[in-house]
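Colleague: Structure provided below as structure tokens; questions to follow.
The values are calculated or read from the model by the stated rules, or taken from the named source; none is laboratory data. Everything numeric here is computed off the predicted structure, so don't read it as measured data. Cβ sites come from the backbone with ideal geometry, for glycine too, and all protein chains shown count toward neighbours. Please note that ligands, DNA and RNA were not included when accessible areas were found on the heavy atoms of the full protein model with its side chains. Shrake-Rupley method; radii C 1.70, N 1.55, O 1.52, S 1.80 Å.
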Amino acid sequence: MRDASLISGDIFSTVGSGGIGKGGNIDINSVTLSLKDGAQLVTITRDASDTGLAGKGDAGSVNIKVSGIVDITGKRGTSTSGIRSLVEKGTEGSGGNITVYAGSFNLREGAELAASTFGKGNAGNITITANETISLRDGNTFSTVEPGAIGKGGNININAENLLMRDGASLQTSTRAASDTQTAGKGNAGNMNIKVIGNIDIAGMKDGSVTAISSFVDRGTEGNGGDINIDAGSFK
């Protein structure tokens, strides 16, 4: 195996507008993985276009297995580095899971892991397992039922030696309120399951955003908030 690096580039697996069928998975096995300057791994079921109806089918999953470090960082213009599995508005199908196994994991400088549903179907789960530390610094990990969506939110599962969160970083499951163009989401927010052998260390904020672990349903939505389950050696 070799190191894998993606800089300001994208890898997509897509059920396109007018498509009917399941999207394929993205599988990466390497020593290290680096996503920088807006680089993205994305599985998606697309909404309607000028020439085709919204896609019907589940988005694929993203599976990462790395023996060393996974480092996801930064932006380029409006593109944020990250791993995403989405079903867009008007689609029918569930989002895929995002699963990461690594020696250590960094999510920083605005980077994101996102599993969300905007259509009719469930959002995927996000699972991060690290032999050493999971570090989130100004990085966001979320599974959401977005405005206009009908379906369950996915769970977020964290397993590590240590968990460090700083600079407005977040772990979040939620069902979102109505937007200007879409009704409030309908469905339960996912659960948060965190198991850390050593320390969980959460502190700080950035640009008004407090570093946080949260699960909630916004006003006007239909559904329950998820459980937050934390098992740790120490917590501060």
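Colleague: If we keep just the residues of region 19-36 that are more than 24 Å from GLY90 (Cβ to Cβ) and among the charged types (D, E, K, R), which is surrounded by the fewest Cβ atoms within 10 Å (Cβ to Cβ)? Break it down stepwise before answering.
Modeller: Step one: list which residues in region 19-36 are more than 24 Å from GLY90 (Cβ to Cβ), which gives 27-36.
From the residues that got through so far, the ones that are among the charged types (D, E, K, R) too are 27, 36.
Details: ASP27: 12, LYS36: 19.
Across region 19-36, the extreme among qualifying residues is ASP27.
Colleague: Here's another thing I want to ask about it. Give me the pairs, please: first residue somewhere in region 216-236 and farther than 27 Å from THR183 by Cα, second residue anywhere and hydrophobic (A, V, I, L, M, F, W, C), beta-carbon distance under 6 Å, and either six or more positions apart or on two chains.
Modeller: ILE230/ILE194; ALA232/VAL196; ALA232/ILE200; GLY233/ILE197; PHE235/ILE200
Colleague: Within region 103-115, can you find the residues that are open to solvent by less than 10 Å² (accessible area, probe 1.4 Å) and assigned to a strand (DSSP E or B)?
Modeller: PHE105, LEU107, LEU113, ALA114, ALA115
Colleague: Would you call ALA39 touching an Asp or Glu at 6+ places or on another chain (Cβ under 8 Å) and either of a type in the set (Phe, Trp, Tyr) or open to solvent by less than 40 Å² (accessible area, probe 1.4 Å) (or both)? Reasoning before the result, please.
Modeller: Numbers: touching an Asp or Glu at 6+ places or on another chain (Cβ under 8 Å): yes; either of a type in the set (Phe, Trp, Tyr) or open to solvent by less than 40 Å² (accessible area, probe 1.4 Å) (or both): yes.
Yes: the conditions hold for ALA39.
Colleague: Additional query: Restricting to region 147-168, and then to whatever is without any contact (Cβ under 8 Å) to a residue 40 or more places away in the chain and within 14 Å of the chain's Cα centre (by Cα), can you tell me which residue is farthest from ILE230 (Cα to Cα)?
Modeller: By that ranking, first place goes to ILE156.
Colleague: Looking at ARG84 and the list (1) among the charged types (D, E, K, R); (2) at pLDDT 90 or above; (3) more than 15 Å from the chain's Cα centre (by Cα), which single condition is not satisfied?
Modeller: Checking ARG84 against (1) among the charged types (D, E, K, R); (2) at pLDDT 90 or above; (3) more than 15 Å from the chain's Cα centre (by Cα), the one that fails is (3).
Colleague: Hey, another quick one. Select from region 117-134 the residues that are in contact with a Gly (Cβ under 7 Å, 6 or more places away or on another chain) and open to solvent by 40 Å² or more (accessible area, probe 1.4 Å) and write down the one among them that is nearest to SER67 (Cα to Cα).
Modeller: Checked region 117-134; the qualifying residue nearest to SER67 (Cα to Cα) is ASN131.
Colleague: Which fully enclosed strands (runs of 3 or more DSSP E) of region 184-236 have 1 or more residues being among the β-branched types (Val, Ile, Thr) and surrounded by fewer than 18 Cβ atoms within 10 Å (Cβ to Cβ)? Explain how you work it out, then say what you get.
Modeller: Details: elements: 192-202, 212-217, 228-235.
Ranges flagged: 192-202, 228-235.
Colleague: Determine whether GLU109 is closer than 23 Å to ILE44 by Cα, over 13 Å from the mean Cα position of the chain (by Cα) and among the acidic types (Asp, Glu).
Modeller: Here the answer is no, as GLU109 does not meet what is asked.
Colleague: Now for a separate question. If you check every pair at least six apart or on different chains, which have Cβ atoms under 8 Å apart with a residue in region 175-198 that is farther than 20 Å from GLY95 by Cα first and a residue that is loosely packed, with under 15 Cβ neighbours inside 10 Å and polar (S, T, N, Q) second?
Modeller: From residues that are farther than 20 Å from GLY95 by Cα, the pairs are ILE194/ASN229; GLY198/SER234.
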